[in-house]
Amino acid sequence: MTGYTKEHAKSGLKANLPKIETFPNQFRAARGVATRGEGYEITISYPEFTSICPKTGLPDFGTVTIRYMPMAKCIELKSLKQYFISYRNLGIFYENVVNRVLRDLVKATDPKWMVVQGEFSARGGMRGSVEATYGKVPPSF
């Protein structure tokens, strides 16, 4: 990893970001049930995600998609957008973005399960895709 330091690798992981607000789920399923037909799934896509590469200072662009089955709390979208906007000037590798978003959203909502996927635009001729999961995610249909 010539030229990359531990500081580059950790960049952005402890940055203070806006709080993710929630609201009470009115259609709660039983904990431990992770099959289709019981509870419901929510998918949120943010196609305007931007952050900064901590090594080069160049911008990263991508789409972050969140798929989850809520328990007691659902993600409030305005606060989620403010949370995502706070990454615009943050130096963080996109692998860390996806894992940090998952960590922060699980902490805020305590879902039955959650998947966060980042699809990042090509830079240097390569595209990147990162996926992080929490809980027992049912297979897609």
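The values are calculated or read from the model by the stated rules, or taken from the named source; none is laboratory data. Since this is a predicted model, take the numbers as computed values, not measurements. Virtual Cβ from ideal backbone geometry, glycine too; neighbours counted across all protein chains shown.
Output the qualifying pairs, or none if there are none: Cβ atoms under 9 angstrom, residues six or more apart or on different chains, first residue in region 99-119 and over 18 Å from Arg28 (Cα atoms), second residue in a helix (DSSP H, G or I) and among the aromatic types (Phe, Trp, Tyr).
Listed by first residue and then by second, the contacts come to Val101/Tyr83; Val101/Phe84; Asp104/Tyr83; Gly118/Tyr94.
Within region 37-61, take every residue that is touching a residue at least 24 places away in the same chain (Cβ under 8 Å) and within 12 Å of the chain's Cα centre (by Cα) and give me the one that is surrounded by the most Cβ atoms within 10 Å (Cβ to Cβ).
Among them, the one singled out is Phe49.
If Asp104 passes every condition in (1) acidic (Asp, Glu); (2) surrounded by fewer than 18 Cβ atoms within 10 Å (Cβ to Cβ); (3) modelled with pLDDT under 95 but one, which one does it miss?
(3)
Within region 71-86, how many residues turn out to be in contact with a strand residue (DSSP E or B) (Cβ under 8 Å, 6 or more places away or on another chain) and of a type in the set (A, V, I, L, M)?
So the count comes out to 4.
Looking at Asn99, Asn89 in this structure, which one is in contact with a strand residue (DSSP E or B) (Cβ under 6 Å, 6 or more places away or on another chain) and closer than 23 Å to Lys14 by Cβ?
Step by step, each of Asn99, Asn89 is checked, and only Asn99 is in contact with a strand residue (DSSP E or B) (Cβ under 6 Å, 6 or more places away or on another chain) and closer than 23 Å to Lys14 by Cβ.
Cβ-Cβ under 8 Å, sequence separation 6+ or interchain: first residue in region 1-22 and on the phi > 0 side of the Ramachandran plot, partner surrounded by 11 or more Cβ atoms within 10 Å (Cβ to Cβ) and assigned to a loop (DSSP other than H, G, I, E, B). Which pairs?
If the second residue must be surrounded by 11 or more Cβ atoms within 10 Å (Cβ to Cβ) and assigned to a loop (DSSP other than H, G, I, E, B), the pairs left are Gly3/Lys55; Gly12/Pro54; Gly12/Tyr87; Gly12/Leu90; Gly12/Ile92; Gly12/Phe93.
Would you check if Ala34 is under 21 Å from Thr133 (Cβ atoms), modelled with pLDDT of 95 or more and in contact with a strand residue (DSSP E or B) (Cβ under 7 Å, 6 or more places away or on another chain)?
no
Considering only region 41-141, give the strands (runs of 3 or more DSSP E) lying wholly within it that have at least 2 residues that are under 23 Å from Thr5 (Cβ atoms). So that I can check it myself, show each step before the final result.
Numbers: elements: 42-52, 59-69, 73-75, 113-123, 126-134.
Because the criterion is at least 2 residues that are under 23 Å from Thr5 (Cβ atoms), the strands (runs of 3 or more DSSP E) in region 41-141 that meet it are 42-52, 59-69, 113-123, 126-134.
So Thr109 clears everything in (1) buried (at least 19 other Cβ atoms within 10 Å of the Cβ); (2) out of contact with any Lys or Arg (no Cβ under 7 Å at 6 or more places or on another chain); (3) over 18 Å from Gly57 (Cβ atoms) except one condition, right? Which one?
Just one mismatch for Thr109, condition (2).
Test each condition in (1) in contact with a strand residue (DSSP E or B) (Cβ under 8 Å, 6 or more places away or on another chain); (2) of a type outside the set (D, E, K, R); (3) over 19 Å from Ala9 (Cβ atoms) for Gly118 and report the one that comes out false.
(3)
Would you be able to tell me the number of residues in region 120-135 that are over 11 Å from the mean Cα position of the chain (by Cα) and under 11 Å from Val64 (Cα atoms)?
2
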